[in-house]
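Participant: Got a structure for you, written out below as structure tokens; questions coming shortly.
Computed from the coordinates by the stated procedures, all read-outs in this text should not be read as laboratory data. Quantities reported herein were computed from a predicted structural model and do not represent experimental measurements. We place every Cβ from the backbone using ideal geometry, glycine too, and count neighbours over all the protein chains shown.
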Amino acid sequence: MSKALPLDKMLSEKGDEFRSLFVKTMNLYLGSHVGSPVADKDKTARVRQQIEDIVKKGK
Amino acid sequence: MLFSHIQFHNFLTFKGTHTLEFPDPESTDHALMLVLAANTAGKTSIIRALRFLFCDDPLNHPNDLDKLINDAAAAEASANDTVNGWVQVKVSSPRGLRTIRRRIETRCSKPGLLKFREKVLEEQRHERAGDKFVTDEGEIQRALSLMVPLDLFDYFFFEGESLADRLVGGKSSQGIKDGLATLIQDHQWEEAVSSVRDIERKIGRDLEKLAGQNKEYQEMVGKLESINIQFTRQSEEKSAHEIKRADAEKVYSQCEIDIQELSKGKSFEQLNRDLHTARSKFDAAGKQIDDCDKEIGRLIGVSQGLPFYADGFEDALLQLEVMRSENLLPADVSEGFVNRILAWPHTQACICGRSLDPKTHADQRKCIEDYRERTMAVDLNHALLSLLNSLESGAVRGFKARAENSVTELQDALSKRDQAVLDQTDYQDKVAGLEQQRQQLSVEEIQRLQKAQREANDTRLRCVESLKTIEIVVKRLQHDRGQMDTEIRGLQQGGAASQIIKLISTQKKARELAEFIEEARIAVKNTFHSKLQDLVSQYYDPVAPDGSKAHVDKSSLLPAIRVDGEVRKNIGGAQRQLLVLSHIVSLAQLRKWLHDELSKIGIAPGRIDEHCFVLDSVFGPVADEFREKCAEFLVGKARQVVVLVASQQWDETVRSRLEKAANKVYRLVRCTGKEDLKPEERTMKFRKKEIEVFRRINPTEKSYTVAEEVSL
């Protein structure tokens with residue numbers, strides 16, 4: 001089990017801010033898969049808005 | 001995903017409610033549940049029921065789901081009774097333990113005849129009023145799909161032959177890849193890329209709007225751009241002039257060196273020095289002549305013209321001596337004597353000082369008075385006496401001596417002048433000679449070099465002038481640029497410009513993020529093959545009965561074996577079963593590895609950890625001698641393994657390996673009124689006990705199965 005995903009290395013070349021942006025984005029998307037039981041359409045729009053906020057404000 | 005329990009209620013062969021309780025996963029590293037079943041008892045029903053739950057598979061009854069309700073339960077129902085059948089699991093999930101079931105509700109028309117009413121996926125919720133089941137609105141099904149991806153169902157819930165055929169026979173080329181894609185929620189990554197691209201496009205549209213609104217800023221930016229272009233041009237021009245100036249200086253220096261070089265060996269420098277000396281001496285001779293002329297003039301002036309009068313000295317001397325002999329020039333005339341004469345008659349005294357009474361000394365007085373009348377004025381007397389003295393030949397400062405001295409000095413001066421004139425002539429000749437000599441050297445080349453040197457110097461001077469001008473322009477541009485920057489900053493801080501800048505930055509960030517997610521998705525998926533190969537080799541190679549090595553196809557990710565370097569897909573027996581088992585266990589390990597690796601980065605793709613395997617017909621196609629290896633393989637490879645074993649496979653070899661490791665045992669008892677089981681199939685041995693898997697019921701009753709725990 002010595003192999004590692006190349007993601008960490010790829011992210012290390014991007015800097016902390018980008019890493020945070022990527023991780024937040026992916027968590028929102030991957031988390032949305034098993035998130036609260038709201039309708040898909042609303043969920044997608046809400047997640048998209050959250051991503052937009054993260055990209056714009058870094059929050 | 002680990003089970004806490006699996007429950008069946010009036011579903012397929014199960015009549016009533018039957019629960020397979022798993023050992024607490026927290027207290028058991030490797031749970032091995034044995035389900036001992038009589039033939040036709042319905043062990044396959046367990047996997048089919050799980051497929052119905054997780055995959056919403058109608059199990060070949062899409063239009064008559066009521067057929068999934070247990071026949072015996074249906075037969076016992078009365079008209080208008082509601083008859084439910086369900087499959088329920090209690091599983092670990094990111095939200096903790098969840099109890100989920102898929103239920104079929106039917107209404108009994110008459111005993112044995114059910115009418116389908118609805119199929120419901122629901123989850124148990126704990127509420128103050130008591131637990132109740134809440135119907136799914138989409139999330140429960142998504143959670144189930146994440147726990148058991150449709151494409152990987154067969155790997156987690158292994159039905160023996162069919163899966164082995166598909167894996168080794170290569171009939172599921174895309175299935176594994178699709179299944180693995182679900183491990184990382186591939187579609188969510190795609191959705192993330194799509195969303196971020198949408199955000200990027202939206203920002204682009206916002207930018208266009210803002211750009212239009214911000215004309216002033218754009219103009220200012222345009223001006224700044226223009227200044228920057230001018231500045232660049234001036235800088236380039238400055239550099240060009242500096243290079244030109246440096247070149248000119250280089251040419252100048254080189255000419256200097258060349259001229260010196262040309263002069264070497266021909267005493268050019270010495271010649272120049274000699275010429276310089278000759279010219280200096282020529283000039284010095286001229287100066288000497290001038291000095292002599294001045295000296296002669298001075299001497300003439302100082303001589304007071306005495307040499308010109310020298311011939312008259314004798315006559316003047318004779319005349320003056322006559323005057324002196326006649327006492328016209330009294331040698332002893334003193335100041336007091338003359339004053340006394342001049343004071344007469346007031347003094348009433350003799351010129352010798354005695355008192356002369358006018359009565360007694362009348363004659364004397366008359367004599368004195370006469371003398372006074374004849375005598376000359378004192379100044380004239382003095383002058384003439386002085387002249388007399390000067391004319392006397394013995395006088396050192398006499399006219400004669402002085403005249404002679406003047407003549408001598410003048411002659412000296414004239415002599416010096418003559419010499420200087422001669423010198424000047426000589427040096428004039430010498431200069432002429434040296435100049436002629438110098439002209440005979442490499443005059444033309446030197447002149448050319450001197451011309452080049454002059455031109456280089458001119459160029460240098462022109463460059464210096466140009467550079468001064470450029471410097472002024474550059475300073476002005478710098479000033480303008482600074483001013484423009486300040487104004488732009490002002491606009492940036494206050495207006496749409498700042499938003500534009502932010503939006504450009506955000507757009508860039510979004511673009512970079514979308515590209516990265518796409519790259520990352522591909523990079524993660526590209527790790528599947530190498531990781532899977534490692535894992536399958538790790539499990540298969542040490543137990544392979546023939547020394548073959550596991551091989552995972554790079555494109556399909558399907559398993560095969562490698563013998564003597566050659567890949568073989570057409571394999572059977574123990575190799576095939578071990579390979580398939582290795583492959584499915586590896587897939588689960590890969591799933592967990594992915595989860596762990598993503599978690600390390602901070603991504604939580606749901607709870608994808610250990611998985612429960614339910615394995616049916618593991619030993620069926622395996623030759624007797626390899627059953628032991630398969631049995632060994634099942635122990636300790638996963639956190640939860642459920643092995644469904646039919647009585648005919650439960651031989652001594654299998655039993656000896658599994659019964660020791662089992663920590664939970666159930667039996668599926670075939671309850672039937674038929675005589676469809678041989679006596680030896682009606683019991684199964686477990687730890688030296690005979691376990692009944694057959695129960696006789698009234699022949700008029702429908703057959704069914706019950707699950708009962710076997711105490712250990």
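Participant: Quick one: which of B:Lys15/B:Lys132; B:Lys664/B:Lys685; B:Lys15/B:Lys689; B:Lys43/B:Lys637; B:Lys569/B:Lys637 span more than 20 angstrom between C-alpha atoms?
Facilitator: From B:Lys15/B:Lys132; B:Lys664/B:Lys685; B:Lys15/B:Lys689; B:Lys43/B:Lys637; B:Lys569/B:Lys637, over 20 Å: B:Lys15/B:Lys132; B:Lys15/B:Lys689; B:Lys43/B:Lys637; B:Lys569/B:Lys637.
Participant: How long are the three semi-axes of the equivalent ellipsoid of the stretch B:1-145, in whole Å, if each is the root of 5 times an eigenvalue of the C-alpha gyration tensor, listed from largest down?
Facilitator: Taking √(5λ) for each Cα gyration eigenvalue gives 26, 20, 14 Å.
Participant: Further question: Normalised by the residues of chain B, what does the relative contact order come to in percent, with Cα pairs under 8 Å and at least six apart?
Facilitator: Computed over chain B, the figure is 24 percent.
Participant: B:Phe313: net charge of surrounding residues, Cβ under 10 Å, Lys/Arg +1, Asp/Glu -1, itself excluded?
Facilitator: -3
Participant: Same structure again: Peptides B:32-39, B:270-277: what's the order by average Cβ count within 10 Å, highest mean first?
Facilitator: B:32-39, B:270-277
Participant: Sticking with this structure for a sec: Give me the number: length gained by fully extending B:Glu261 to B:Asp370, i.e. 0.36 nm times residue separation minus the C-alpha to C-alpha distance, one decimal in nm.
Facilitator: Gain on stretching B:Glu261 to B:Asp370: 29.2 nm.
Participant: Efficiency by 1/(1 + (r/R0)^6): what FRET value for B:Glu26 and B:Ser711, r their Cβ-Cβ distance, R0 = 25 Å, to the nearest 0.05?
Facilitator: That pair, B:Glu26 with B:Ser711, gives E of 0.65.
Participant: Here's a follow-up. Based on the Kirkwood radius over alpha-carbon pairs, what value in µm²/s does the Stokes-Einstein equation return for the translational diffusion coefficient of the stretch B:449-547 at 25 °C and 0.890 mPa s?
Facilitator: 114
Participant: Relative contact order of the stretch B:1-125, please, whole-number percent, based on alpha carbon pairs below 8 angstrom and at least 6 residues apart.
Facilitator: Computed over the stretch B:1-125, the figure is 27 percent.
Participant: By the scheme Lys and Arg +1, Asp and Glu -1, what is the net charge of all other residues having a beta-carbon under 14 Å from that of B:Lys451?
Facilitator: Numbers: positive: B:Arg448, B:Arg454; negative: B:Glu256, B:Asp258, B:Glu444, B:Glu445, B:Glu455, B:Asp458.
Within the 14 Å Cβ shell, the charges total -4.
Participant: Right, next: Computed on alpha carbon atoms, what radius of gyration and Dmax characterise the stretch B:12-86, expressed in Å?
Facilitator: My reading of the Cα-based Rg and Dmax gives 15.1, 49 Å.
Participant: I want the antiparallel fraction of DSSP beta bridges within chain B, as a percent rounded to 5. Intermediate values should be presented prior to the final figure.
Facilitator: Values: 55 of 78 bridges.
Percentage antiparallel, nearest 5: 70.
Participant: Just tell me how shielded B:101-113 is by partners: mean number of partner chain Cβ atoms within 10 Å of each residue's Cβ, no decimals.
Facilitator: Per-residue shielding by partner chains comes out at 0.
Participant: OK, next. With +1 on the Cβ of every Lys and Arg and -1 on the Cβ of every Asp and Glu, and nothing else charged, how large is the dipole of the stretch B:27-158 about its Cα centre, in debye rounded to the nearest 20?
Facilitator: 200
Participant: Counting each DSSP H run of 4 or more residues in chain B as -39500 (n - 2.57), what helix-only mean residue ellipticity at 222 nm follows after dividing by all residues, to the nearest 500 deg cm²/dmol? Don't skip to the end; give the middle numbers.
Facilitator: Values: 20 runs with 404 residues, N = 712.
Calculated mean residue ellipticity at 222 nm is -19500 deg cm²/dmol.
Participant: Run the quick spin-label model on B:Asn570 and B:Glu675: label points 7 Å from Cα toward the beta carbon, then report their separation in nm to one decimal.
Facilitator: Between B:Asn570 and B:Glu675, the simple spin-label model gives 4.6 nm.
Participant: Tell me, what is the FRET efficiency for B:Leu113 and B:Arg687 to the nearest 0.05, using R0 = 56 angstrom and their Cβ-Cβ distance as r?
Facilitator: The value I calculate is 0.80.
Participant: Could you tell me, in Å, what Rg and Dmax come out for the Cα atoms of chain B?
Facilitator: When restricted to Cα atoms, chain B yields Rg and Dmax of 69.7, 225 Å.
Participant: Restricting to Cα atoms and excluding each atom paired with itself, what does the Kirkwood estimate give for the stretch B:57-114 in Å? Display every interim value, and only then the final one.
Facilitator: On the way: mean 1/r = 0.0794 Å⁻¹.
Computed over Cα pairs of the stretch B:57-114, the Kirkwood hydrodynamic radius comes out at 12.6 Å.
Participant: Which of the three applies to the stretch B:524-577, rounded, prolate or oblate, going by the alpha-carbon gyration tensor with a ≥ b ≥ c and a/c under 1.5 meaning rounded?
Facilitator: Judged from the Cα gyration tensor, the stretch B:524-577 comes out prolate (a/c at least 1.5, a/b above b/c).
Participant: Separate question: Length gain on complete extension for the stretch B:Lys475 to B:His382, per 0.36 nm per residue less the alpha carbon to alpha carbon distance? Working shown, then result.
Facilitator: On the way: separation 93, 0.36 × 93 = 33.48 nm, distance 8.94 nm.
Result for the pair: 24.5 nm of gain on full extension.
Participant: Further question: Is the stretch B:401-476 best put as rounded, prolate or oblate by its Cα gyration tensor, with a ≥ b ≥ c the root eigenvalues, rounded for a/c under 1.5, and otherwise prolate when a/b is larger than b/c, oblate when not? Could you put the intermediate results ahead of the total?
Facilitator: Numbers: a/c = 15.19, a/b = 2.34, b/c = 6.49.
Taking the square roots of the gyration eigenvalues as a ≥ b ≥ c, the stretch B:401-476 is oblate.
Participant: To the nearest Å, what is the center-to-center distance of the stretch B:49-90 and the stretch B:228-299, using C-alpha atoms only?
Facilitator: Value for the Cα centre distance between the two parts: 118 Å.
Participant: Once you average over the residues of A:18-29, how many Cβ atoms of partner chains fall within 10 Å of each Cβ?
Facilitator: Across A:18-29, the average partner-chain Cβ count within 10 Å equals 6.
Participant: Then there's this: Label B:Arg233 and B:Ser555 with points 7 Å out from Cα along Cα→Cβ: what is the distance between them in nm?
Facilitator: 6.0
Participant: How far apart, in nm, are two points set 7 Å out from the Cα along the Cα-to-Cβ line at B:Asp651 and at B:Val120?
Facilitator: For the pair B:Asp651/B:Val120, the computed spacing is 4.9 nm.
Participant: May I ask you to list the trypsin sites (Lys or Arg not before Pro) in the stretch B:619-693 that are in a DSSP loop and have at most 15 other Cβ atoms within 10 Å of their Cβ?
Facilitator: Here the sparse-neighbourhood loop sites are B:Lys674, B:Arg687, B:Lys688.
Participant: When Lys and Arg each count +1 and Asp and Glu each count -1, what net charge do the other residues less than 11 Å away from B:Ile227, Cβ to Cβ, add up to?
Facilitator: Values: positive: B:Lys223, B:Arg233, B:Arg476, B:Arg481; negative: B:Glu225, B:Asp480, B:Asp485.
My count for the surroundings of B:Ile227 gives +1.
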